[in-house]
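Derivation of every value follows stated rules applied to the coordinates shown; laboratory data play no part. What you see is a predicted model; the values in this text were computed from it and never measured. Cβ atoms come from the backbone with ideal geometry, glycine included; neighbour counts cover every protein chain shown.
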Amino acid sequence: MILLPIWAERFTPPPHRNTLQKWAREGLIYPKPIKAGKAYYVESDACLVSEISMGRRRSKHVDLPPNLYCSDGYFYWRDPKTRKAIGIGRDKHQAITQSIAANLHLRSDAVTLVDRLTGAAERTVNHWCDKFDAIKPGYRLKYLRDGLGDRILSKLEPLQINQWLDKWSGKARMRQQQLGIAKAVFAEAIGKGWIKTNPAADLTTPSPETKRQRLTIEAYKAIHAQASPTLRHAMEIALMAPMRRAGVLSLQWAQIKDGYLWAEHAKGGLRVRIPLSLHLPSVGWTLGDVIGRCRDNVVSRYVIHHAKSVGKAKAGDKIRDKTIEQLFRDARVAAGIGGDNPPTFHEIRSLAARLWDAQGVNVKVLLGHKTDKMSALYKDSRGAEWVTLVNE
């Protein structure tokens, strides 16, 4: 135990001596200070009652731990977070013992003197996110910081992470994404010695069911017929060289050389050289034909670009993701293709996987996937196409 004035140095500025003695006399410090002579002694991790309970205690409850109350001889504990009362019984000793344990449980995440001495107080989730972002930039850590940022990393429990994930209980895909981020962030912390185990390692979340319709070749051709020249070029490249939407829109003329399209997939970082002679019978195009149709009189380093100035965009500027999705949506509506979850521009990649797979092309390499499982996912038509039974 330490002297009350030393404990009070945690405040800036420290309270006056008379104020401290008043707090001690009226039971406003927990655990209750002990008076020896004219001095008060207190536990080093003691705190004000106001820090763990609501309001000032009445005189008849002064000798009880914070959050413990008595009504007609019956003791009950009130949760300071939910304000819900929980009955304990008429045994005062048991009520005090259980209340102290409950109060300590509420403060289990609080920064203790030991945390300060060992440096754990400085190793919060937010502090680690700062370091992780420098090691592996690109992760979206905002939600992790907002939900768990102030917690000491070594004290983080799976239940706390699960409670944070419950924020997305009705959004399976978002919940899955955030759990994946948490696992990656905490796994890296083990390698750097911040923690010994990954608190998110054993957590699971239901796999989200994808409801979006697959794009068929017939629907593709119908939308293509209604598309503007810019969208038409983007759709053709997305089918012949099935990169992700961002890859299609970021494609530069410098990547077309020596008879190949030199594609670098953002996810996984796989680099693929796709021959311009690659031919797809379903549409009768070669990759070289498609690239050639993108050339115009506008000076631009991007293959897909604005043909003329529109608003803030100048001729030759890169097309934004939202712009191409809007153009695709307009063409899809004009083609009369609807439904509850109509296909988006991204579904061209899945269509390409199925068409190229039918031609015997290595789809795993073409799409830049690291696993066969991911390639199989893209080749799944989700019932959008008919399967023909061959009578041999």
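Test of the criteria: in region 199-292, which GluC sites (Glu not before Pro) are in a DSSP loop and have at most 10 other Cβ atoms within 10 angstrom of their Cβ? Could you put the intermediate results ahead of the total?
On the way: sites: GLU209, GLU218, GLU236, GLU264; in loops: GLU209.
Passing both the DSSP loop test and the Cβ count: GLU209.
How large is the Rg to Rh ratio of region 58-107 when both quantities use alpha carbon positions and Rh follows Kirkwood? Don't skip to the end; give the middle numbers.
Working: Rg = 10.0 Å, Rh = 10.8 Å.
My calculation of the ratio gives 0.92.
By how many nm would the segment from TYR76 to LEU3 lengthen if fully extended, with 0.36 nm per residue of separation less the alpha-carbon distance?
Details: separation 73, 0.36 × 73 = 26.28 nm, distance 3.20 nm.
Gain on extension, TYR76 to LEU3, equals 23.1 nm.
Relative to the compact-globule scaling 2.2 N^0.38 Å, provide the ratio for the alpha-carbon radius of gyration of region 154-224.
Details: Rg = 18.0 Å, N = 71, 2.2 N^0.38 = 11.1 Å.
So region 154-224 has a normalised radius of gyration of 1.62.
State, to one decimal in nm², a quarter of the convex hull surface area for the C-alpha atoms of region 217-379, i.e. the direction-averaged projected area.
Numbers: hull surface 38.7 nm².
Projected over every direction and averaged, the Cα hull of region 217-379 covers 9.7 nm².
Starting from 0.36 nm per residue, how many nanometres of slack lie between ALA315 and ASP258 once their C-alpha separation is accounted for? Walk me through the intermediate numbers first.
Details: separation 57, 0.36 × 57 = 20.52 nm, distance 2.76 nm.
Going from the current span to full extension adds 17.8 nm.
Mind checking the full-extension length gain between GLN94 and VAL299? Use 0.36 nm per residue of separation minus the Cα-Cα distance, one decimal, nm.
Numbers: separation 205, 0.36 × 205 = 73.80 nm, distance 8.23 nm.
Value of the extension gain: 65.6 nm.
Would you tally the net charge around ILE237, using a Cβ to Cβ cut-off of less than 13 Å, leaving ILE237 out, and scoring K and R as +1, D and E as -1? All intermediate terms of the calculation are to be shown ahead of the outcome.
Numbers: positive: ARG232, ARG244, ARG245, ARG293, ARG295, ARG349; negative: GLU236, ASP289.
That sum, taken over residues with Cβ under 13 Å, equals +4.
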